[in-house]
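Values in this text are rule-based calculations from the coordinates and carry no lab data. All figures in this text were calculated on a predicted structure; none of them were measured in a lab. Ideal geometry is used to build each Cβ from the backbone, glycine not excepted, and the neighbour counts take in all protein chains shown.
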Amino acid sequence: MAEYEKHLYMIVFPINALVASQLEPEKFGEHYTMGSAKHFSGKVIFAELDINFRSDYFEIEKYLGLTVPHSDGSPKKTKFISSYNVLEHVELSAIKKLFLCTRNGKVLPIEPAEYTAYNKPGMIRIYQEIAPLETLVATTKDQRDFGKFITTETKSKGAPKIIFTQIDFNIDNFFENNRNREIFNIDLPGVNPYRFFDCITELKEKPEKTTKTISLGSLLKDISYKFLRHGFWFASGDELKFFPMPSETDLENKYYYWWKFVR
C-alpha cells in the first residue's frame with residue numbers, strides 16, 4: 001500500500017478547525033473547495049502546522065493514528081481533530097505556512113515574514129477579523145497595537161488569539177463620493193454606508209476613541225483577495241506572526257495560475 005506523508009492543517013476560514021490529512025496542501029485546498037459536496041463552496045484559508053505540534057487540548061496522536069489510506073490505497077483526505085476553540089489552543093510558532101484557496105480550488109502559499117506592515121500613526125484602518133471572531137472594525141491602531149488590544153486589553157470584544165486582515169478601502173474617496181448625497185453608497189458588500197460614515201466620523205472627531213465596530217460577520221465570502229491590504233496577522237498579546245500577500249508583480253509572474261482565477 002502506498003505511503004503518504006501526514007499533515008496537520010488549521011482551517012481559519014470559513015470555519016476554524018484542526019484537520020489531519022494525507023493530502024499535500026494544494027490537493028487539500030482543492031478537495032476542500034471542490035472535491036466534496038459536504039464541504040464548502042467558496043474561498044478557503046488554511047495554515048499548515050508543524051507536524052510535531054501537540055497540545056493537551058487536542059487528541060492529535062489519536063487522530064493522526066486514524067489518518068491512514070483507504071482500502072483501495074487512496075490517501076485519507078480529511079480527519080477532523082477539532083472544530084471548536086482551535087486557534088486559541090495553537091501556538092503561533094507552530095504555524096508554518098498560510099494558504100489561500102480560490103473558489104475553483106487554486107492554492108496560493110504564503111510564507112511568514114520577519115517584519116510586519118506599518119502605516120503612519122493615527123491613520124484609520126479597516127480590519128476584518130477572521131477567527132475566532134468575524135467582526136469588521138475601524139480603528140486608529142496599527143496592526144501590532146490592534147492585535148495586542150484584541151487579545152489582551154478588551155474582554156468584551158476580544159479573544160486570546162486572533163487572525164485578521166486589512167481591507168484596502170479608500171475612506172477619503174468614500175466621503176468625497178457621498179458628499180451632499182441623500183442616499184449613500186459604499187463598495188463593501190453587506191456594509192451599511194450610514195453606519196460606516198458614523199463610525200469613521202466618530203474616530204475622526206473623538207481622538208480618545210480608537211476602535212469602532214462597523215458590522216458583525218465576515219466580508220471574506222464576498223470580497224476578492226485583491227482587496228486585502230498587506231496580508232494576514234496572527235496575534236497573541238505581544239506576539240505577532242505576519243503572512244504578507246505577494247506583490248502584484250509576483251502574483252502575475254510567479255503565481256499566475258492562482259491570480260488569474262481571483263475575482
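Quote the FRET efficiency, to the nearest 0.05, computed for residue 120 versus residue 180 with a Förster distance R0 of 22 Å and r equal to the Cβ-Cβ distance.
FRET efficiency, residue 120 to residue 180: 0.15.
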Item checked: In degrees, nearest ten, helix 193-205 long axis to first principal axis of the chain (Cα) -> 70 degrees
Check: Rg(Cα) of the stretch 81-234 divided by 2.2 N^0.38 Å?
Finding: 1.09
Checklist line | Estimated FRET transfer efficiency when R0 is 22 angstrom, pair residue 62-residue 5 (beta carbons, to 0.05) | finding: 0.70
Check: In what order do 225, 115, 256 fall by count of nearby beta-carbon atoms within 10 Å, going from fewest to most?
Finding: 115, 256, 225
Check: Pulled fully out, how much extra length does the chain show between residue 261 and residue 92, if you take 0.36 nm times their separation in residues and subtract their Cα-Cα distance?
Finding: 57.9 nm
Margin query: Can you order the peptides 201-209, 44-52 by their average number of other Cβ atoms within 10 Å per residue, highest first?
Written below: 44-52, 201-209
Checklist line | Under-5 Å amide H pairs with residue 215, H placed in peptide plane, nonlocal only | finding: 136
Note to self: Give me, ordered by chain and number, the residues 5 or more places off residue 24 or on other chains with an amide H under 5 Å from its own placed amide H.
What the structure shows: none
Note to self: Going through the cross-link list 97/254; 204/241; 212/260; 62/241, which pairs have a Cα-Cα distance over 26 Å in this structure?
What the structure shows: 204/241; 212/260; 62/241
Item checked: Cα-projected label distance for residue 202 with residue 249, points at 7 Å along beta-carbon direction, nm -> 4.2 nm
Note to self: For Cα pairs less than 8 Å apart in space and 6+ apart in sequence, what is the mean separation divided by the residue count of the chain, i.e. the relative contact order in percent?
What the structure shows: 19 percent
Checklist line | Burial ranking of peptide ranges 171-179, 141-149, 189-197 (average Cβ count within 10 Å, highest at the top) | finding: 141-149, 189-197, 171-179
Item checked: Rounded to the nearest 20 debye, dipole of the chain from Cβ charges on Lys, Arg, Asp, Glu -> 500 debye
Next item on the list: List, largest first, the extents of the alpha carbons of the chain along their principal axes, each in whole Å.
Entry: 70, 39, 32
Notebook entry, point to check: Could the peptides 240-253, 59-72, 91-104, 123-136 be put in order, highest first, of the mean number of other beta-carbon atoms found within 10 Å of their residues?
Noted result: 123-136, 91-104, 240-253, 59-72
Item checked: Estimated D of the stretch 198-238 in µm² per second, where Rh is the Kirkwood radius over Cα pairs and Stokes-Einstein applies at 10 °C, 1.306 mPa s -> 121 µm²/s
Next item on the list: Could you estimate the translational diffusion coefficient of the stretch 78-152 from the Stokes-Einstein equation, with Rh from the Kirkwood formula over C-alpha pairs, at 20 °C and 1.002 mPa s, in whole µm²/s?
Entry: 142 µm²/s
Check: Measuring from label point to label point, each 7 Å out along Cα→Cβ, what is the residue 210 to residue 113 span in nm?
Finding: 2.3 nm
Next item on the list: Quick one: pull the percentage of alpha-carbon pairs in the stretch 7-110 with a separation above 19 Å.
Entry: 38 percent
